[in-house]
Amino acid sequence: MRKLVAILVVLFAAGFVNAQDRDFSKVEIKATNVSGNVYMLTGAGGNIGAVVGDDGIVIVDDQYAPLAEKIQAALKGITDKPVRFVINTHWHIDHTGGNEAFSKTATIIAHENVRKRLQTGGVASNGGSIRFEIEASPVAAIPIITFDQDITVHLNGEDIKAIHFPAGHTDGDSIIFFPKANVVHMGDDFWRNGFPFIDLGSGGSVKGLANAVEQAISKLPQDVKVIPGHGELSTLEDVHKYVKMLQETTAVVEKALADKKTLDQMKQEKLLEPWKEWSGDFISADTFLETIVNSLTGKKDAAFLIHN
């Protein structure tokens, strides 16, 4: 059983929630053509990217396990070809929960750190008020092809490129680029739900995330269509605004730390007020402030009692 062990915020708001606590029967999977033969599927959890054609289907992420049949049905509305490959952008269960079901026809591919974390389970945490414990995944859900820096899948006339960026949202993040269709799936290195959840417990970092997104921008065409980890279809301009926010908020917190200010003092001063439009139900300004402080000071996890 996957257990929520937090004090905290409502993880439901980001789709990062114990699957047993949600009624997935009401979730609808919607498929939208992004460009060429690339689609975006939305439902519950992370956005899915799909490239379809005569050679079969490649999907990027697969949401929660109970949604696998609905995802398959949505894909059948596009093509009758089978899913041949699944690429995981990172290890969180709202992006990898369908791995076991899809492994019946598909090969699971991910960065080697995704395989390690899915094998052992672990803690997703911002080093403070957010803490989510995830048990090891079933054997069939574990990626059987892994890579260190990058990998390319050649299918349906696309050279699907998975590129690893270390220490971003987690330590196993990959950004997936479909060059022919001019589409990129950013995973949770970029999302549209406000301030991001940076999983310090899984090797993520605020500076690493900003660097990863900045590097990705430098490698992408200006008119690329962007599938975020969560939220609506985006442009590179949206990604620029996002990385600018990451860099500016990190800089102001760094200065406050250099001035010997505590986290409580920063909260009282409303240090992130200039970026209040990014504050959301999942990650508020105070929660993100806590994340930045914990990332910059090297605090990986909260020291509080875990109730099983």
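Tabulated data for the structure shown
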read-out: Net +/- balance of residues flanking K161 in space, Cβ distance below 10 Å, scoring K and R +1, D and E -1; value: -2
read-out: Angle between the chain longest axis and helix 206-219 axis [Cα atoms, degrees, rounded to 10]; value: 40 degrees
read-out: Mean Cβ count within 10 Å, highest first, over the residues of peptides 109-117, 254-262; value: 109-117, 254-262
read-out: For region 27-39, Karplus couplings with θ = phi - 60° (6.51, -1.76, 1.60), whole Hz, Gly/Pro x; value: 6, 10, 9, 10, 9, 10, 6, 8, 5, x, 9, 9, 10
read-out: Extended-chain gain in nm, criterion 0.36 nm per residue less alpha-carbon gap, K81 and K276; value: 65.7 nm
read-out: ³J(HN,Hα) computed for each position of region 49-61 - Karplus, 6.51 cos²θ - 1.76 cosθ + 1.60, integer Hz, glycine/proline x; value: x, 9, 10, 10, x, 5, 7, x, 10, 10, 10, 10, 6
read-out: Magnitude of the charge dipole, the chain, Cβ model with Lys/Arg +1 and Asp/Glu -1, debye to 20; value: 240 debye
read-out: Residues whose placed amide H lies under 5 Å from that of G204, excluding near-sequence neighbours; value: D171, D199
read-out: Net charge of Cβ neighbours under 15 Å - reference I59; Lys, Arg +1; Asp, Glu -1; value: -1
read-out: Karplus 3J(HN,Hα) series, Hz, for region 158-170 with 6.51 cos²θ - 1.76 cosθ + 1.60 (x for Gly, Pro); value: 9, 9, 6, 9, 9, 10, 8, 10, x, 6, x, 5, 9
read-out: Peptide ranges 168-176, 47-55 listed from the most packed, as the mean C-beta count within 10 angstrom indicates; value: 168-176, 47-55
read-out: Computed [θ] at 222 nm, deg cm²/dmol, the chain (DSSP H ≥ 4; -39,500 (n - 2.57); rounded to nearest 500); value: -8000 deg cm²/dmol
read-out: Part-to-part distance (alpha-carbon centres) for region 91-143 and region 153-191, which is given in Å; value: 17 Å
read-out: Mean separation of Cα contacts under 8 Å (6+ apart) over length of the chain, as relative contact order %; value: 17 percent
read-out: Rounded to the nearest 20 debye, dipole of region 80-142 from Cβ charges on Lys, Arg, Asp, Glu; value: 160 debye
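Quick note: the coordinates plus some simple rules give every number you see, no bench work behind them. Just so it is clear, the model here is predicted, and its values are computed rather than measured. Heads up, the Cβs are rebuilt from the backbone with ideal geometry, glycines too, and the neighbour counts pull from every protein chain shown.
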